[in-house]
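The values are calculated or read from the model by the stated rules, or taken from the named source; none is laboratory data. It should be emphasised that the depicted structure is a prediction, and the values quoted were computed from it without experimental measurement. All Cβ positions, glycine included, derive from the backbone under ideal geometry; neighbour counts span all protein chains shown. Side chains are part of the model used for accessible areas, which takes the heavy atoms of the whole protein and leaves out ligands, DNA and RNA. Shrake-Rupley method; radii C 1.70, N 1.55, O 1.52, S 1.80 Å.
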Amino acid sequence: MILCIADMLADELLAEARKAFADGQFEDGGMTAGWHAKLVKRNLQLQGNQPMVMALRQKIQSQIAAHRIIQMAALPMRFRPLLFNRYETGMSYGSHVDDALMGRTPDGGPELRSDISFTLFLSDPETYEGGELVIESTSGEQVFKLQAGQAVIYPSTSLHRVCEVTHGIRDAAVGWAQSYVRDAGQREMLFELDTVRRAIFKRDGKSPEFDQLSKVYSNLLRAWSEV
Ligand code: NI
C-alpha cells in the first residue's frame, strides 16, 4: 500500500526547513547509502550534526509520528533519524531497495528493521523539472511529485528511484520506520479495518457492529504485532 498524505507538514515548519536548506552545510548523500545503493546515489544531504538541522529533525519527526494516518497505516514502533536531501540539476538516485536493517545500537545490533519508507517533499514542484519519485509495485510503476509539505509512504520492500533533476533544485526529507506489523499486506488489512470501524463509529456511535469490528481489529493486531 502506497499512501500520500496531503497535510504532513505545517507551513511554519516548512519555512523552517527552507531556512535550514538555505543556511546549512551539505555533504555527499552517498555517506548514508548501502554499498549497492551508493553506486547509484547522486545527491547531497544536510550534515546531520548542525544544531539547526537537529532541531528541525526533532520537530518534523514528532509531527510525522503523531499524524493519524501514519499511526493507522504504518503502526510505527520506532523511526530512524530523518535525512534531509537535496538534488541539484543533474542529480538522481537510481533504482535501489533500502537496507533492511539500519543503524547501530551501542551494543552493535541494528537499530531497526525498515518496514516503511517515506519521502516528504519540501520544494514546490513548479520550481524544478524531473526529480519524480518512482516506486515499482506489482501493478507497475507509480510516479510521485507532490506539493511542498506533502508526503508519500510506501513499503520499504519496494524498488524505487528518484529521476534526474533536469532543472532547478529538489529538496526533501526521507525516513524509515519499523512497524509493529512487519508484513505490508497485514498492515493494509488493519488500516482498512480501522478506517471502516471509525466510519461506522462516526455514523452510529459505539454500536454493537462497531464493537464487533473493534474486537476483530484488536485481535488481528494482537496476532500480527511484535512488541
Ligand atoms: Ni531509497
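Name the residues in segment 187-220 that are touching a residue at least 60 places away in the same chain (Cβ under 8 Å) and either touching a Phe, Trp or Tyr at 6+ places or on another chain (Cβ under 6 Å) or open to solvent by less than 60 Å² (accessible area, probe 1.4 Å) (or both), would you? Arg187, Leu190, Phe191, Asp194, listed by residue number.
Take Val143 and decide whether it is at pLDDT 95 or above, open to solvent by 50 Å² or more (accessible area, probe 1.4 Å) and within 16 Å of the ligand (Cβ to nearest atom). So Val143 fits the description; yes. Give the number of residues within segment 1-34 that are assigned to a helix (DSSP H, G or I), open to solvent by less than 40 Å² (accessible area, probe 1.4 Å) and touching a residue at least 24 places away in the same chain (Cβ under 8 Å). Number satisfying all stated conditions: 6.
Within segment 146-183, the set of residues being buried (at least 23 other Cβ atoms within 10 Å of the Cβ) and of a type in the set (Asp, Glu) comprises just one member, Asp171. Quick check on segment 72-90. Is at least one of its residues over 27 Å from Gly24 (Cα atoms) and free of Cβ contacts under 8 Å to residues at least 40 places away in the same chain? No, there is no match, as no residue in segment 72-90 is over 27 Å from Gly24 (Cα atoms) and free of Cβ contacts under 8 Å to residues at least 40 places away in the same chain. When the strands (runs of 3 or more DSSP E) confined to segment 147-227 are screened for residues that are in contact with a Cys (Cβ under 9 Å, 6 or more places away or on another chain), those reaching at least 1 such residues are found at 151-155.
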